[in-house]
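Where a number appears in this text, it was derived from the coordinates with a stated rule and is not lab data. In this text the structure is predicted, and so the values were computed from the model without any measurement. Quick reminder, even Gly has a Cβ in these numbers, built from the backbone with ideal geometry, and neighbours come from all protein chains shown.
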Amino acid sequence: MTPEIATTVRAYAPGRVNLIGEHTDYNLGYALPIALRSGTSVTFTADDGDVLAVTSEAESQDITVAVDTAPGDLDGWGAYVAGCVWALQQSGHVVRGGRMSITSTVPMGSGLSSSAALECAVLLALTAERPLPPLKVARIAQRAENDYVGAPTGLLDQLSSLYGRADTALLVDFSSLEVTEVPMDLGDAHRLLVIDSHAPHQNVAGEYAKRRVSCENAAGELGVSSLREVDPEAWRRLRDEPERSRARHILTENMRVLDAAEALRHGDLATLGRLMCLSHASMRDDFEITTEHIDLIAERACELGALGARMTGGGFGGSVIAFCSDEVAHRITAELGETVADAGYPAPTIRAVRPGRGAHLC
Ligand code: ADP
Ligand code: MG
């Protein structure tokens, strides 16, 4: 008998940024994300053992994961990898031991979903011999993050990473989990900037949980199981705060996502920008998930000439995106930091991004 030759597989999965549609995922609404051209690469060489030895260029501590790992065995960055192993096994898939090494160009903890990039790349590498449908991979990654890492997140990040396509935005319907491609070729004249505030995240999980409860209560009061099932004006029938305002954000945000997708299809970038500003105002006033620091960045970007700017991600920090001409992008990059520093906040990091290809085996 000839010994099995160890084969090495390589998988890649990108980070993402959400153009519009915040907190709509768990309300079974809509969002419009793009995959980035920055991503995470995983190289995996399987063996016949029952342990995975994992290194990441971004972390000094290597980890080992038993293939029969269970929640609680690992924390820190290792939990993301171990969570994928566990969730795969839970869905009935065999995981082999071996060596895995990880490199990434997605900044960690900036709201660009380095976590989903890591999960999707790990899962693609572990299932390279028998690839799973993307939706299945997304659900397994979400389970890893929810039940092993302990982060209560929706499917937005994983779907964006898996379904991404160059020069294309993704209209995600969280009710049907259908992903519709919307062409988004920025050309040379326009830029999408991601402005990382470097704000320390405080009690994000607690506030996130409270928003979920308010949305559930609003749906309950309206006699439906999710806010997707009511008409866009249904928030008017709610008497109590904060449910009324929270529902107004979700219902108006869903409309803005659909309008933004339509504007993109027609190359109407001014309308897209205006919808982004309205989305920010709704997150600030109705959903109350922005901070003074984040509001300042979004306002200043618009003062400097952006067509639109809004916080992206779950809230209470993270990044602001600004949609602008090439000329304004230079102005924002040169001048925004000063305003933010004058107000006593850390200097932001500003990156120009473009829609990139989704996760794949290399
Ligand atoms: P985001 O997804 O917005 O970047 P999260 O807090 O959800 O922020 O996930 C970041 C965490 O994911 C990191 O703190 C780390 O534990 C893990 N992670 C992401 N990318 C890598 C990587 N390349 N190597 C090791 N751990 C990673
Ligand atoms: Mg994340």
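Arranged by the count of other C-beta atoms within 10 angstrom, fewest first, what order do LEU170, LEU177 take?
LEU177, LEU170
Long-range amide H contacts for SER113: which residues qualify at under 5 Å (H placed 1.01 Å from N, peptide plane, sequence gap of 5 or more or a different chain)?
For SER113, whose amide H was placed from the backbone, the distant partners under 5 Å are ARG16.
Under unit Cβ charges (Lys, Arg +1; Asp, Glu -1), what dipole magnitude, rounded to 20 debye, does segment 8-183 have relative to its Cα centre?
380 debye
Placing +1 at every Lys and Arg Cβ and -1 at every Asp and Glu Cβ, with all other atoms neutral, what dipole size does segment 183-335 have around its Cα centre, in debye to the nearest 20?
Details: 18 positive and 26 negative charges, 65 e Å.
Value, rounded to 20: 320 debye.
Could you tell me the relative contact order of the chain? Use alpha-carbon pairs under 8 Å, at least six residues apart, and round to a whole percent. Present the calculation step by step, with values, prior to reporting the outcome.
Values: 803 pairs, mean separation 87.4, N = 362.
Reported as a whole number, the value is 24 percent.
Quick check on the exposure proxy: order CYS120, CYS324, CYS362 from fewest to most C-beta atoms within 10 angstrom.
Listed from fewest to most nearby Cβ atoms, that is CYS362, CYS324, CYS120.
Dividing the alpha-carbon radius of gyration of segment 89-141 by 2.2 N^0.38 Å (N being the number of residues), what value is obtained?
Here the answer is 1.22, to two decimals.
Tell me which GluC sites (Glu not before Pro) from segment 53-137 have a DSSP coil assignment and no more than 11 other beta carbons within 10 Å of their own.
Counting only loop positions with at most 11 other Cβ atoms within 10 Å, the GluC sites (Glu not before Pro) in segment 53-137 are GLU57, GLU129.
Suppose a student asked you for the relative contact order of segment 221-327, using Cα pairs under 8 Å spaced at least 6 residues apart; what percent would you report?
That works out to 19 percent.
Around ALA87, what is the net charge, scoring Lys/Arg as +1 and Asp/Glu as -1 over all other residues with Cβ under 12 Å from its Cβ?
Around ALA87, the surrounding residues sum to 0.
Is the shape of segment 190-353 best called rounded, prolate or oblate, per the rule: a/c under 1.5 gives rounded, else a/b larger than b/c gives prolate, else oblate, with a ≥ b ≥ c the square roots of the Cα gyration tensor eigenvalues?
On the way: a/c = 2.81, a/b = 1.53, b/c = 1.84.
Oblate, because a/c is 1.5 or more while a/b does not exceed b/c.
Zone of ALA281 (label point 7 Å along Cα→Cβ, backbone N under 13 Å): which residues in segment 304-347?
Answer for this model: 309.
Which of the listed residues, LEU192, SER245, SER226, is farthest toward the dipole's positive end in segment 191-247, when Lys, Arg count +1 and Asp, Glu count -1 at the beta-carbon?
Result: LEU192.
Counting only other residues whose beta carbon sits under 15 Å from that of LEU162, what net charge do I get with K and R as +1, D and E as -1?
Net of charged neighbours comes to 0.
Treating the beta-carbon of each Lys and Arg as +1 and of each Asp and Glu as -1, no other charges, what is the dipole magnitude of the chain about its Cα centre, to the nearest 20 debye?
Using only the charged Cβ atoms, the result is roughly 500 debye.
Full-extension gain between GLU178 and ASP48, please, as 0.36 nm times their residue separation minus the C-alpha to C-alpha distance.
Between GLU178 and ASP48, full extension yields 43.0 nm more.
What percent does the relative contact order of segment 1-97 come to when contacts are Cα pairs within less than 8 Å and at least six residues apart? Each step should come with its number before you reach the end.
Details: 126 pairs, mean separation 22.7, N = 97.
Contact order relative to length: 23 percent.
Return one quarter of the surface area of the convex hull spanned by the alpha-carbon atoms of segment 170-228, equal to its mean projected area, in nm². Present the calculation step by step, with values, prior to reporting the outcome.
Working: hull surface 27.3 nm².
That works out to 6.8 nm², a quarter of the Cα hull's surface.
Tally Lys and Arg at +1 and Asp and Glu at -1 over the other residues with C-beta under 13 Å from the C-beta of GLU253: what net charge comes out?
Around GLU253, the charge tally is +2.
Per residue, how big is the convex hull around the C-alpha atoms of the chain? Give it to me in cubic angstrom, could you?
Normalising the Cα hull of the chain by residue number yields 138 Å³.
Among LEU275, LEU135, LEU36, determine the one that fluctuates most according to a GNM of the chain built with springs between C-alpha atoms less than 10 Å apart.
Result: LEU135 has the largest fluctuation of those listed.
I want to verify a result. In a Gaussian network model of the chain, Cα cutoff 10 Å, which of these has the top mean-square fluctuation: SER113, SER104, SER160?
Judging by the Gaussian network model, the answer is SER104.
For a quick check, take a GNM of the chain with Cα springs below 10 Å and name the residue from ALA141, ALA121, ALA151 with the largest mean-square fluctuation.
Of the options given, ALA151 has the highest mean-square fluctuation.
Using DSSP H assignments, which helices in the chain have an axial alpha-carbon span of 30 Å or above and a mean Kyte-Doolittle hydropathy of -1.0 or higher?
Counting only whole DSSP H runs, the qualifying helices are 243-265.
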